[in-house]
Amino acid sequence: MDQAVETLCLKGCKALWADLERMEEGRVLPELEALEALDAHQQQQVFKEIKSIMAVYKGSCSL
């Protein structure tokens, strides 16, 4: 799961906000589909971790 979080974070701030929107809609990101070892629960944990990380930015890409 850590690898999935790191891979998504490397995409950058704006891409992560778009990814969060997709995940909130219940869509699975291609990066997570590629990691077949992650089950639905683990994918949800990745979503929660990304959401927690991005909460620092409060909807933007600057601190």
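With respect to being assigned to a helix (DSSP H, G or I), acidic (Asp, Glu) and either modelled with pLDDT of 90 or more or touching a Leu at 6+ places or on another chain (Cβ under 7 Å) (or both), residue 33 falls outside the description. The lone criterion from (1) in contact with a helix residue (DSSP H, G or I) (Cβ under 6 Å, 6 or more places away or on another chain); (2) in contact (Cβ under 8 Å) with a residue 40 or more places away in the chain left unmet by residue 32 is number (2). Could you go through region 43-51 and let me know if any residue there is surrounded by 13 or more Cβ atoms within 10 Å (Cβ to Cβ), out of contact with any helix residue (DSSP H, G or I) (no Cβ under 6 Å at 6 or more places or on another chain), among the aromatic types (Phe, Trp, Tyr) and part of a helix (DSSP H, G or I). No, there is no match, as no residue in region 43-51 is surrounded by 13 or more Cβ atoms within 10 Å (Cβ to Cβ), out of contact with any helix residue (DSSP H, G or I) (no Cβ under 6 Å at 6 or more places or on another chain), among the aromatic types (Phe, Trp, Tyr) and part of a helix (DSSP H, G or I).
Only residues that are among the aliphatic types (A, V, I, L, M) and exposed (fewer than 10 other Cβ atoms within 10 Å of the Cβ) were counted in region 19-42, giving 2.
The values are calculated or read from the model by the stated rules, or taken from the named source; none is laboratory data. A quick note: this is a predicted structure, and the numbers were derived from the prediction, not measured. Cβ: placed from backbone, ideal geometry, glycine included. Neighbour counts: every protein chain shown.
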